[in-house]
Amino acid sequence: MLGREKQRGGYGLEATIDSAIAQVATLADGLRASVGQVIVGKESAIDLLLTALLAEGHVLLEDVPGVGKTTLAKALARSLACTFQRLQFTPDLLPSDIVGVTVYNQKTGDFERHPGPIFTNILLADEINRAGPRTQSALLEAMEERQVSVEGVTAPLPRPFLVLATQNPIEQEGTFPLPEAQLDRFLVRLNIGYPTEAEERDILRRFKEGSPLADLAPVADAAQLVAMQRAVRQVHVSPAVESYILAIVRASREHPLLELGGSPRASLALYRTGQARAAMQGRAFVLPDDIKFMAAAVLAHRLVRSGRSRLRGRDSLAIVGELVEQTPVPVEQA
């Protein structure tokens with residue numbers, strides 16, 4: 001049963017859940033409006049970013065230089081009263097530059113911990129593929145477990161915690177491609193793309209006298225965001241939609257043009273982003289359309305194409321579209 005009234009009867013959704021979901025939708029509208037003051041005409045990219053934020057996932061912003069990847073991350077950070085750190089990844093960046101170090105203080109005779117920039121709510125990892133594999137791997141524990149280990153001591157990261165990583169997919173010289181294990185830690189990958197002529201004209205006029213980033217005011221704080229993230233987890237996913245998620249991901253493992261399909265983490269990512277998208281639209285239940293909308297952003301970067309698919313010019317986005325098209329959509333029962 002996919003309809004709202006039938007879910008109420010069959011599963012007893014409480015009014016308090018509906019109230020919390022309404023607050024999530026209001027918060028999402030406020031964040032859209034705030035970020036939209038800076039980012040022109042990229043509603044889909046903004047929605048994907050907010051979906052990942054509410055689903056407690058990390059985002060890989062992959063696009064050519066100059067289209068607004070860093071500006072989008074900054075606009076989100078300014079729209080939230082959360083701590084923010086930007087870290088420029090370079091070939092000489094060390095893991096300790098991210099997680100911090102422990103040093104011995106001769107005056108006090110104690111070891112003192114100096115936390116790195118990862119101890120923040122929102123971390124912008126700019127040009128993440130310019131750092132070496134050892135430095136990239138320093139993010140793995142933090143992204144998956146929300147904690148870091150420094151010299152045998154484990155420390156939790158603040159909540160909420162979101163990594164926004166940017167990379168240029170075109171320029172390969174002096175870069176280190178992200179391994180599959182790390183790509184799998186990103187909940188979604190999104191591309192901003194070039195603006196239309198009208199949008200680019202609007203950008204010229206908005207930024208004529210300065211950046212509108214400076215005028216953004218927070219629309220929510222960390223405590224409110226964490227409460228909204230918890231509310232998203234209460235969004236109902238019917239067994240039929242669960243089966244739909246599993247069918248899409250399992251089909252990717254059997255696709256003839258893929259060497260590696262979606263992992264169980266991919267299934268969970270589709271599940272959680274479906275919940276977040278439903279809540280952003282004021283619904284306490286997930287529809288198949290939510291899963292269809294999120295499939296490309298959640299799955300494409302996790303798939304490893306075979307040599308045959310490269311020869312045929314089939315990219316991951318096209319393959320995900322084929323998977324979604326070929327998977328039967330559950331229908332509402334009478």
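Nothing in this text is a laboratory measurement; each read-out follows from the coordinates by a stated rule. From a predicted model like this one, the values you see are computed outputs, not experimental measurements. Cβ placement follows ideal geometry from the backbone for every residue including glycine, while neighbour counts extend to all protein chains displayed.
General remarks:
- Highest-MSF residue in the chain out of GLY152, GLY262, GLY36 [GNM, Cα springs under 10 Å]: GLY152
- Among GLU242, GLU112, GLU56: highest mean-square fluctuation, GNM of the chain, C-alpha pairs under 10 Å: GLU112
- Fewest-first sequence of PHE207, PHE84 by Cβ atoms within 10 Å of each Cβ: PHE207, PHE84
- Computed [θ] at 222 nm, deg cm²/dmol, the chain (DSSP H ≥ 4; -39,500 (n - 2.57); rounded to nearest 500): -14000 deg cm²/dmol
- The fewest-to-most ranking of ASP289, ASP126 by surrounding Cβ atoms within 10 Å reads ASP289, ASP126.
- 0 to 90° range, to nearest 10: angle between helix 43-54 axis and the chain longest Cα axis: 80 degrees
- Euclidean distance of C-alpha centroids, region 65-93 and region 207-251, integer Å: 18 Å
- Longest site-free stretch - the chain; sites: trypsin sites (Lys or Arg not before Pro), DSSP loop, at most 13 other Cβ within 10 Å: 1-106
- Proxy reagent accessibility, fewest Cβ within 10 Å first, across THR154, THR83, THR135: THR154, THR83, THR135
- The DSSP beta bridges internal to the chain are antiparallel in roughly 40% of cases.
- Of ALA318, ALA25, ALA220, the one that fluctuates the most in a GNM where the chain has Cα springs shorter than 10 Å: ALA318
- Option label - percent of Cα pairs over 24 Å apart computed here, alternatives [x] 68; [y] 59; [z] 64: [y]
- Taking the longest Cα principal axis of the chain as reference, the axis of helix 15-36 is set at about 60 degrees.
- Whether region 19-174 is rounded, prolate or oblate, judged on the alpha carbon gyration tensor where a/c under 1.5 counts as rounded: oblate
- Around ILE122: net Lys/Arg minus Asp/Glu count, Cβ-Cβ under 11 Å: +3
- C-alpha long axis of helix 264-280 to longest principal axis of the chain, angle in °: 80 degrees
- Cα gyration tensor category, rounded, prolate or oblate, for region 209-304 with a/c compared to 1.5: oblate
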